[in-house]
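The values are calculated or read from the model by the stated rules, or taken from the named source; none is laboratory data. Predicted model, so just to flag it, every value in this text is computed and none were measured. Methodologically, a virtual Cβ is constructed for each residue, glycine included, from the backbone with ideal geometry; neighbour enumeration extends over all protein chains shown.
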Amino acid sequence: MSVSSLDISIKKTDKSRIGEIDPANIQFGKNYSDHMLIAYYENGKWGKPEIMPFHDLSFSPATTFLHYGQAIFEGVKAYKDPQGNPIIFRPYDNWKRMNRSAERMAMPDIPQDIFIDGMRELVNLDRDWVPSGADTSLYIRPFMLAVDEFIGVRPAEKFMFIIITSPAGPYYNKPVSIYVQDKYVRAFPGGIGFTKAAGNYGMSMYPTMQIKKMGYDQILWTDGFEHKYVQEIGTMNVFFVIGDTVITPDVTQDTILEGVTRESVLTLLREKGVKTEERPLSIDEIEEAFHAGKLKEAFGTGTAASIAPIRELTFHDDKMVLPDIEHWEITNWLKQELADIRYGRKKDTHNWVVAV
Ligand SMILES: *Cc1c(COP(=O)(O)O)cnc(C)c1O
C-alpha cells in the first residue's frame, strides 16, 4: 500500500536478501536493501519514479557523468523508533540541499514528492532492513547522474535520480586525530565546496591517503589563500569549544558544506543557552586557545558519524592533545540529545523526524 499520493510504480522482489544480514555484525556499505528507486529526467521533465528490485545498471561508455563528474549525492538516515517504526531524520533539509547542489552543477531540480515521498515509500517497503540494535540505522543514499550518451563537453540534458539504502551498524566513535592541511585545498570561494558533488570526494582521496600514511585519521582543511582559516575535517563540519563558546566556521563563502547535523547542533546549543558563533576561525586562534588552556573540546559532525570527538590536532610540529573526552560536557550532551531525537526517544519539538 502506498504511503503517499505520489504516482509511483512498485515492482517487488520475489526473493528478499535480508537473510544475508547478520544483525549483530552490520558492516557499513556492504549490503544494500532489496529495492531501489529510479526516476528519469528527459525532454525537460521528470518521469514517473519506479521502485524495483536492487540491480546493476548499465551505461554507454560515452555517458556524461563517467567522464565529467556531473554527479551529486545526499546522505540521510532512517532509525527505528521505540515502537519499531522507521523514522527519517530531516529529509526535507537534504532535499533542499540536493537542489542547491543540482543548481550549481547545472542539473535539474528534483521535485519534493519524488525525493521525499519516494524515499518514504522505499523505506516503508524495505522497513525490515532498518536495523533495531543500539546505534544502528538505515543509511539512505539519494544521487543524481548526468546520463547523456555524448562525449562532447556541455551540460547534459538527460539525468537519473536514484535512491539506494544500506543498513549501518554502530559507528565506532574512537576520537580522531587530525592533521591540519596547508598544502592541498578542498574548497575556495566561487567553487563547489558547498555542494555534495562527487568530485569533492574524488579530489580528497589523495591528500587523505597521504595523512593516513602519517598516522592521522582526518584532514582539517584550511582556506586556499593563506591556509589560515579552518573549513571542515574530512567530510564533516567542525566545531571548537573555546572557553565557554562553541565556534564553527560560517557558511557565507560557498566553501563549507552546510551539514544537517551542523544545523541541528547549533539549534540544540542555542536552545540550551550555550554561546555559539559562526565566523571565520583561524588556526592561530585555535593554537593560542590551546596553549592558554582554553580549548576545551573539538568535534566533527555528519550524518554518518553523528558527533566525532577530536583527540588531537597537529599543525606543523605543534601537536595539540585535548583533555580526556569523558569530561567533555558539551560534546557528550549533544551526542545523547541528538540520538534521543533521532531514535524517537525524545519529543520532536522541531519537526525534524518524518514517519515513513
Ligand atoms: C555530507 C557532508 C557533511 C555533513 O553533512 P550532514 O548533512 O551533517 O551529513 C559535511 N561536510 C561535507 C564536505 C559533506 O560532504
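Brief remarks follow.
- Scanning the stretch 220-229 for residues that are farther than 14 Å from L257 by Cβ and of a type outside the set (G, A, S) turns up L220, T222, D223, F225, E226, H227, K228, Y229.
- Only one entry of I219, I192, I211 meets the criterion of being of a type in the set (V, I, T), assigned to a helix (DSSP H, G or I) and either in contact (Cβ under 8 Å) with a residue 24 or more places away in the chain or not assigned by TED's automatic domain parsing to the domain that holds I256 (or both), and that entry is I211.
- Residues satisfying the stated conditions in the stretch 115-139, i.e. of a type in the set (V, I, T) and surrounded by 23 or more Cβ atoms within 10 Å (Cβ to Cβ): V123, V130
- For the stretch 174-232, a tally of residues being farther than 30 Å from N99 by Cα and of a type in the set (D, E, K, R) returns 8.
Residue by residue, here is whether (1) over 30 Å from S166 (Cα atoms); (2) of a type in the set (A, V, I, L, M); (3) within 18 Å of the chain's Cα centre (by Cα); (4) surrounded by fewer than 17 Cβ atoms within 10 Å (Cβ to Cβ) holds:
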{"residue": "V246", "(1), (2), (3), (4)": "yes, yes, no, no"}
{"residue": "I256", "(1), (2), (3), (4)": "no, yes, yes, no"}
{"residue": "G273", "(1), (2), (3), (4)": "yes, no, no, yes"}
{"residue": "I286", "(1), (2), (3), (4)": "yes, yes, no, no"}
{"residue": "K294", "(1), (2), (3), (4)": "yes, no, no, yes"}
{"residue": "H316", "(1), (2), (3), (4)": "yes, no, no, yes"}
{"residue": "W328", "(1), (2), (3), (4)": "yes, no, no, no"}
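- Single match in A134, A156 (criterion: farther than 23 Å from G302 by Cβ, away from the ligand (no atom under 16 Å from the Cβ) and not in a helix (DSSP H, G or I)): A156
- Pairs where the first residue, in the stretch 82-95, is more than 13 Å from P131 (Cα to Cα) and free of Cβ contacts under 8 Å to residues at least 60 places away in the same chain and the second is aromatic (F, W, Y) and assigned to a helix (DSSP H, G or I), C-beta under 7 Å, 6+ apart: W95/F115
- The single condition from (1) in a loop (DSSP other than H, G, I, E, B); (2) at pLDDT 95 or above; (3) surrounded by fewer than 15 Cβ atoms within 10 Å (Cβ to Cβ) that K30 fails is (2).
- Pairs, first assigned to a loop (DSSP other than H, G, I, E, B) in the stretch 176-188, second buried (at least 21 other Cβ atoms within 10 Å of the Cβ) and aliphatic (A, V, I, L, M), C-beta under 6 Å, six or more apart: Q181/I219
- Looking across the stretch 217-231 at every residue that is of a type outside the set (A, V, I, L, M, F, W, C) and out of contact with any Lys or Arg (no Cβ under 7 Å at 6 or more places or on another chain), the one that is nearest to the ligand (Cβ to nearest atom) is identified as Q218.
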